[in-house]
Each structure stands twice: as structure tokens, then as C-alpha cells.
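Enquirer: The structure follows.
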Amino acid sequence: GAVVSQHPSWVICKSGTSVKIECRSLDFQATTMFWYRQFPKQSLMLMATSNEGSKATYEQGVEKDKFLINHASLTLSTLTVTSAHPEDSSFYICSARTPAGGVYEQYFGPGTRLTVT
Amino acid sequence: AQKITQTQPGMFVQEKEAVTLDCTYDTSDPSYGLFWYKQPSSGEMIFLIYQGSYDQQNATEGRYSLNFQKARKSANLVISASQLGDSAMYFCAMREPNTGNQFYFGTGTSLTVIP
């Protein structure tokens, strides 16, 4: 199946700094990418949907100025957590969707574990 | 209202036995897709099985089968012949075309396989 990578797989940063997480579709072009956040022992919560070349659509309650999403190419989307705080510590997962259609066209990355100290 | 409901926070099953993980869903869209994912402790989401709303037969993938009861809006996952490696979180999810094909996830069920 298609492969989606995320980098870094884990990161520790100090409070007040910014962290960038990359999501890449390795063998297909992803017209749409989704960013999820998962707190320990909880479900995945959709944060935003990004379409290549346009602004991301954020879910209610997600601060767009804090979680900057850029989908500059068909194979790369980035999530930047700005001025990170300990409450931003979470597991961030991206998924990428191909334009080809079909039921298997959305693939998840392996996730990035962010710890803010 | 919750789109996806998983009422079993944790389940235990004896190795080699079968186990059913419950999932109910809520939608008014006639076209939708139902998915099950496995999430081991490493965190990656592993696709297991898919059921389309118009599919006449229950989906099966190896040891996984989906017990699709459309009238009851349930999509239970059945794992046969459980293995120790099946211990993980299991998430039921739904995708609807009229909401941009985003996934709605349930709260998950933690499955522990006992040797």
C-alpha cells in the first residue's frame, strides 16, 4: 500500500519554542492531507484539513494561529506548533488522500510524539 | 451526537479464541464507509477492514470480519483465533462523502490477548 512518512517521529522542545512536523506521501500525490491529534488513551481528533495550494480548514476549537499548516506541494504538508506549551504535548498523526478514489485512498503516517517541557 | 460509538473501553480474550469488538454509528447519509484500524503501542494506525454502506456482504480480511447490520447501524469487528500480537487499541471509523470524506473515529477499545 501507499506510504506516508512523518518527521520527526518524536520531539522534545521547551515551552515557548516552535516545532515543525513534516508529513510526506512517498509514492503518491496527496491532494488532501489531514492532521489529527491524539492524547493518551483517547481517540484521534481531526485538527485540520489541508488541500494543496490552499489554506487549511481548521476544526472548531483549533487555533489556526497556533497550529500553522502548510501544504505547499502534492507530497508534503507541514504542521508547525508555535509557542508550544506543555498542554500541546500529544501524538500528532497525519493522513494523506490520493485523488484516485477508492476505499483505500487514505493513508496514515506513523505519528509524531511531541513533548513540551 | 457521536458519529461513532465504541462502548467497550477494554476487552480481554484468551489466545486462539474469537473476540467481537462493538461499534455503532450515526449518519443520515445513505453513502458512507466504515473502517477498523489497529493501533499498537508504537502508535501507527494499521488499516484492517472496510465496509461500504451499499455492500451486500460482510467484509472479511483474513482473521478479521465485519459484522455489518445496517438497520441497527452497527459494524462490529470479529477477530478469530486471537494471537498475542493482536493486543492493541482498535478504532472504528466512518467516512461520509458529504462531510468532505473526513474520518470520524470512535473512542477505541483496548484489546488484551491472554496467553
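Read-outs: derived from the displayed coordinates by stated rules, not from any lab. Since we're looking at a predicted model, the values are computed, not measured. Quick reminder, even Gly has a Cβ in these numbers, built from the backbone with ideal geometry, and neighbours come from all protein chains shown.
Enquirer: What share of the DSSP beta bridges in chain B is antiparallel, in percent to the nearest 5? Can you show the working numbers first?
Expert: Numbers: 33 of 38 bridges.
If I count the DSSP bridges inside chain B, around 85 percent turn out antiparallel.
Enquirer: For chain A, what are the per-bin percents of Cα-Cα distances with bins 10 Å wide, up to the bin holding the maximum?
Expert: Per 10 Å bin, starting at 0, the Cα pair percentages come out as 15, 49, 30, 6, 0.
Enquirer: Say we join alpha carbon atoms closer than 10 Å with springs in a Gaussian network model of chain A; which of A:T78, A:T57, A:T32 then has the biggest fluctuation?
Expert: Of A:T78, A:T57, A:T32, the most mobile in the Gaussian network model is A:T57.
Enquirer: Counting trypsin sites (Lys or Arg not before Pro) as exposed when in a DSSP loop with at most 15 other beta carbons within 10 Å, what is the longest stretch of chain A free of them?
Expert: On the way: sites that count: A:K14, A:K41, A:K55, A:K64, A:K66.
Between exposed loop sites, the widest span is A:67-117.
Enquirer: Oh, and also: Considering every residue in A:21-31, what mean count of other chain Cβ atoms within 10 Å of its Cβ is obtained? Show your work: numbers first, answer last.
Expert: Working: counts 0, 0, 0, 0, 0, 0, 0, 0, 0, 0, 0.
Partner Cβ neighbours, averaged per residue: 0.
Enquirer: Select from B:F91, B:F105, B:F47 the residue whose mean-square fluctuation is largest in a Gaussian network model of chain B (Cα-Cα springs shorter than 10 Å).
Expert: Among B:F91, B:F105, B:F47, the largest GNM mean-square fluctuation belongs to B:F47.
Enquirer: Okay, next question. Past the 31 Å Cα-Cα mark, which pairs from A:K66/B:K73; A:K20/B:K73; A:K41/A:K64? Numbers along the way, then the final one.
Expert: Working: A:K66/B:K73 38 Å; A:K20/B:K73 40 Å; A:K41/A:K64 25 Å.
Check vs 31 Å cut-off fails for A:K66/B:K73; A:K20/B:K73.
Enquirer: Another one. Residues of B:103-115, mean number of Cβ from any other protein chain within 10 Å of their own Cβ, rounded to a whole number?
Expert: 2
Enquirer: How about A:K14: which aspartates and glutamates have a C-alpha closer than 17 Å to its C-alpha, ignoring those fewer than 8 places off in the same chain?
Expert: Candidates past the 8-residue exclusion: A:E87, A:D88.
Enquirer: Hey, another quick one. Run a plain Debye calculation on the protein assembly as shown (Cα atoms as equal point scatterers, no solvent) and give log10 I(q)/I(0) at q = 0.13, 0.14, 0.16, 0.18 Å⁻¹, rounded to two decimals, same order as the q list.
Expert: Listed by q, the Debye log ratios stand at -0.79, -0.91, -1.15, -1.37.
Enquirer: Let me ask something else. Pop out the ³J(HN,Hα) list for region B:47-55 in order, Karplus 6.51 cos²θ - 1.76 cosθ + 1.60 with θ = phi - 60°, rounded to Hz; leave Gly and Pro as x.
Expert: 5, 10, 7, 10, 9, x, 5, 9, 5
Enquirer: Which of rounded, prolate, oblate describes region A:2-45, given a ≥ b ≥ c as roots of the alpha-carbon gyration tensor eigenvalues and a/c under 1.5 marking rounded, otherwise prolate only if a/b is larger than b/c?
Expert: Here region A:2-45 falls in the oblate category.
Enquirer: Give me a single rounded figure for A:42-52: the average over its residues of other chain Cβ atoms within 10 Å of their Cβ.
Expert: Per residue, the average neighbour count from other chains is 3.
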